[in-house]
Amino acid sequence: MVRNFLRNLGPGILISAAFIGPGTVTVCTLAGVEFGYGLLWALLLSVFSCIILQEMAARLGVVSQKGLSDVIREQVKTPVLNILAIILIFSAIVIGNAAYQAGNITGAVLGAEAIFGVQNLQMGDFTLNLWSIGIGGFAFILLFTGSYKTLEKFFITLVLLMSISFILTAILTKPNILEVLNGLLPSRNAAGLLTVMAIVGTTVVPYNLFLHASLVSEKWKEASFLAMARKELVVSIILGGLVSMAILISAASAGLADVNSAADMAVSLEPLFGKFATWFMSLGLLAAGITSSITAPLAAAYVVKGCFGWPGGMKSAKFKLVWGFVLMLGVFFSTLQINPIEIIRFAQIANGILLPVIAIFLFWVVNKASVLGVHRNSKLQNLLGIVVIVLALFLGIKSILSVVQGL
């Protein structure tokens, strides 16, 4: 039974790898530094919310054998709404992932530099970061193979590496177990609502819903595999949540101040806990950056494929063109250390609108017998879905307000 489960690992692991990116590592680090163990309960909430939404997306993919953007294109019959939906999805996922891709690669670069040192090349007025080019090139080669099974094996390895790295870092910092357990319960004094929303928002990510529906339809071709898809999803996301908690615990246990990123924490850990703590933290950051720098272009390609109804899979030229564009743009911004702030702001607003819209659409479509038949939502699934939709609305409003207030 265990061997059969391990053989079916894949889509859920990729989703965990996608949400444990440099952004999540940084948010969890800062939450631990600023609030100690007080926000562990928010991570529990994020894992619960993520499982509910991703299960809907996975069920849709396995039963319908279509991606989420395919289903939207087919089920939204009103031409104006259909066009608006495609524009919103394209803006949030494709443009957004292109903008965030620089951050994914830069996060991996910070981890690599902490372990192996800085590698720059001066070309006139420009300083090229060779790590950015190397990581981008590695992601390109892996995606260019067009093999889902190759991606699956690679991500299982990297998620295990990430998990071991961050959990060992947490152990090395010797956390107070009683305080950790207390942090799993909500406290009025822990943090403000916006901080809690930031924690949840790093796990509940719109593009993962599109990615998951497409990945499960690649791996499982019959509805009979739905139970396996659910089991694999729950285990993978819980593992991802444990990794996020390990990062927060490491930051809280270290008792550090003036830490602005995971890379800062990695450097600060060495005098207190030895070079192994620094090495494990940096290795985890490197793995987190690499996984996200591959899943972001992949999700963008699946979204465009579904929006326009392109035939073919990962090996098609159009599919490769989309992920190639997103990846190259990320390498360009990261290599030259350019921060595309206006594009990121636009993408944050688009994502803030997209998350509740997609959550509501998912809820609607997984209740349709014409789409899912006997696999449509039960009363309990509807109740849990409504709770998560309310949370998605809060997350969307918070995301938009944070951008507006920053202007």
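The simple spin-label model puts a point 7 Å past each Cα toward its Cβ; for Glu222 and His375 those points are separated by 1.3 nm. Ratio of Rg to Rh for the chain: 0.95 [Cα atoms; Kirkwood radius as inverse mean 1/r over pairs].
If you sort the three axes of the alpha carbon gyration tensor as a ≥ b ≥ c, you get a/c of 1.5 or more for segment 239-394 and a/b no higher than b/c, which makes it oblate.
What the phi angles of segment 18-24 give under the Karplus curve with 6.51, -1.76 and 1.60, with θ = phi - 60°, is a coupling list of 5, 7, 8, x, x, x, 5 Hz, glycine and proline written as x. For the chain, a simple Cβ point-charge model (Lys and Arg +1, Asp and Glu -1, everything else neutral) yields a dipole of about 1420 debye relative to the Cα centre.
Whole-Hz Karplus values for segment 134-141 come out as x, 5, x, x, 5, 4, 4, 4 Hz, taken residue by residue from phi with 6.51 cos²θ - 1.76 cosθ + 1.60 and θ = phi - 60°; glycine and proline positions read x. Bridging of Lys379 to lysines at a Cα separation below 19 Å is possible for Lys368, once same-chain residues fewer than 8 apart are set aside.
Efficiency by 1/(1 + (r/R0)^6): what FRET value for Ile386 and Ile238, r their Cβ-Cβ distance, R0 = 22 Å, to the nearest 0.05? Efficiency at R0 = 22 Å is approximately 0.45. For segment 61-199, a crude dipole built from +1 on the beta carbon of Lys and Arg and -1 on the beta carbon of Asp and Glu, taken about the Cα centre, is about 360 debye to the nearest 20.
Each peptide in 391-403, 200-212, 72-84, 24-36 receives the mean, over its residues, of other Cβ atoms within 10 Å, and ordering these scores from highest gives 200-212, 24-36, 391-403, 72-84. Every Cα-Cα pair of segment 1-160 was included, and the share exceeding 18 Å stands at 75 percent. For Arg376, neighbours were defined as the other residues whose beta-carbon sits under 14 Å from its Cβ, and their charges (Lys and Arg +1, Asp and Glu -1) total +2. If R0 equals 41 Å, the separation of the Cβ atoms of Leu401 and Phe138 corresponds to a calculated FRET efficiency of about 0.65. Give the shape of segment 191-273 as rounded, prolate or oblate, defined through the alpha-carbon gyration tensor: a ≥ b ≥ c are the square roots of its eigenvalues, a/c under 1.5 means rounded, and otherwise the shape is prolate if a/b is larger than b/c and oblate if not. In terms of gyration-tensor shape, prolate. Let me make sure I get this right: for segment 296-378, a, b and c are the square roots of the gyration tensor eigenvalues over alpha carbons, sorted descending. Under 1.5 in a/c it's rounded, otherwise prolate if a/b > b/c, else oblate. Which is it? Oblate shape, in that a/c is at least 1.5 and b/c is the bigger or equal ratio.
Amide H contacts for Asn120 (H built 1.01 Å from N in the peptide plane; partners 5 or more residues away or on another chain; cut-off under 5 Å): Leu130. Placing pseudo-labels 7 Å out from each Cα toward the beta carbon at Ile177 and Lys275 gives an inter-label distance of 3.2 nm.
For the listed residue pairs Lys77/Lys315; Lys305/Lys398; Lys66/Lys149, the alpha carbons are over 25 angstrom apart in Lys77/Lys315; Lys305/Lys398. Applying the criteria of a DSSP loop state and at most 16 other Cβ atoms within 10 Å to the trypsin sites (Lys or Arg not before Pro) of segment 246-326 yields Lys315. Charge tally around Leu226: other residues with Cβ under 13 Å, Lys/Arg +1 each, Asp/Glu -1 each, net +3. Other residues lying with their Cβ under 14 Å from the Cβ of Ala301 contribute a combined charge of +2, Lys and Arg counting +1, Asp and Glu -1. Here the 3J(HN,Hα) profile of segment 352-368, calculated from phi with Karplus coefficients 6.51, -1.76 and 1.60 at θ = phi - 60°, is x, 7, 5, 4, x, 4, 5, 4, 5, 4, 4, 4, 5, 6, 7, 9, 8 Hz, Gly and Pro shown as x. Only Lys, Arg, Asp and Glu carry charge here, each on its Cβ (+1 for the first two, -1 for the last two); on that basis segment 161-274 has a dipole of about 360 debye about its Cα centre. Taking every DSSP helix (H) stretch of at least 4 residues in the chain, weighting each as -39,500 (n - 2.57) and dividing the sum by the residue count yields a mean residue ellipticity at 222 nm of -26000 deg cm²/dmol.
Note on Glu342 and Ile115: their simple-model spin labels are 3.8 nm apart, each label 7 Å out from Cα toward Cβ.
Taken together, the values in this text are just the output of simple stated rules run on the coordinates, not laboratory data. Just so it is clear, the structure is predicted and the values come from calculations on it, not from any experiment. Ideal geometry is used to build each Cβ from the backbone, glycine not excepted, and the neighbour counts take in all protein chains shown.
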